[in-house]
Amino acid sequence: MSALGEDGVAPLDWAGKRFGRQASNLAAAVPMQLARAHAQAHATHLTAQLKKRSPYGSTLAEAVRENLADTARELGESVRTVRGYEYAVINDHAMFPFRYADRPRPLDRARLPSNASPTRRRLFSAHGPQPPEGLFDLDDDLTTEEYLELHEAFEELGASTKLVCVFFTAAVESGIHVIHWGEAHLEPDRTFTWPYSEQLPVVPQPLK
């Protein structure tokens, strides 16, 4: 099912600089693909018939990644596989989707889970925006091997590829609440600083 509309959404300055001619297509496709992912995850939840440990969250996360990858293919752009997961890469910008809450919450309340994988942390450290020059620089004797590995770009993405975050909240009962995209710097306490973010519209989410 295509998520691309011909009229789309007018490209915004930030998106235009990151995604070039694909900006308006992506601004239209992202909300549609999240709605599609919610419908897929909701169907899985109903099939499982579980009150606890619902597969909704894990299914939603995988469906969003796959749907954004489908969008990249539809646009003739790249899809890269990192540690077994597909990521849409448009104009040297990899799209990283993340459900940061299961109820409506402000973006500044987003926090990476304490059990987040090293892959996620490395994506932010190596491909996300860096803190202002001179801030938190490490002396040579403090630059550990672990630190260097965390800041090493993934070969699958390439050193020039930057991370664009798609943060959203969603729940099985109420669907997608809010969608933001932008650039997020991961802080040591697992919160995020946003050099830039924009809110995208939420589209209807018809369920079977």
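The values are calculated or read from the model by the stated rules, or taken from the named source; none is laboratory data. Keep in mind that what you see is a predicted model, and the values were worked out from it rather than measured. Just so you know, the surface numbers come from the protein's heavy atoms only, side chains and all, with ligands and any DNA or RNA stripped out. Shrake-Rupley method; radii C 1.70, N 1.55, O 1.52, S 1.80 Å.
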Problem set entry | Per residue solvent-accessible surface (Å²) - the range 14-56, probe of 1.4 Å | 51 Å²
Problem set entry | Calculated from backbone phi, Karplus (6.51, -1.76, 1.60) coupling profile of the range 191-202 in Hz, x at Gly/Pro | 8, 10, 10, 10, x, 7, 8, 9, 9, 9, x, 9
Exercise. So who's got an amide H within less than 5 Å of the one on Ser78, skipping anything under 5 residues away but keeping other chains? H placed 1.01 Å off N, in plane.
Worked result: Val89, Asn91
For this session: Tabulate in residue order the Karplus-calculated ³J(HN,Hα) for the range 171-181, using 6.51 cos²θ - 1.76 cosθ + 1.60 with θ = phi - 60°, rounded to whole Hz; enter x for Gly and Pro.
Result: 9, 4, 7, 10, x, 6, 9, 8, 10, 10, 9
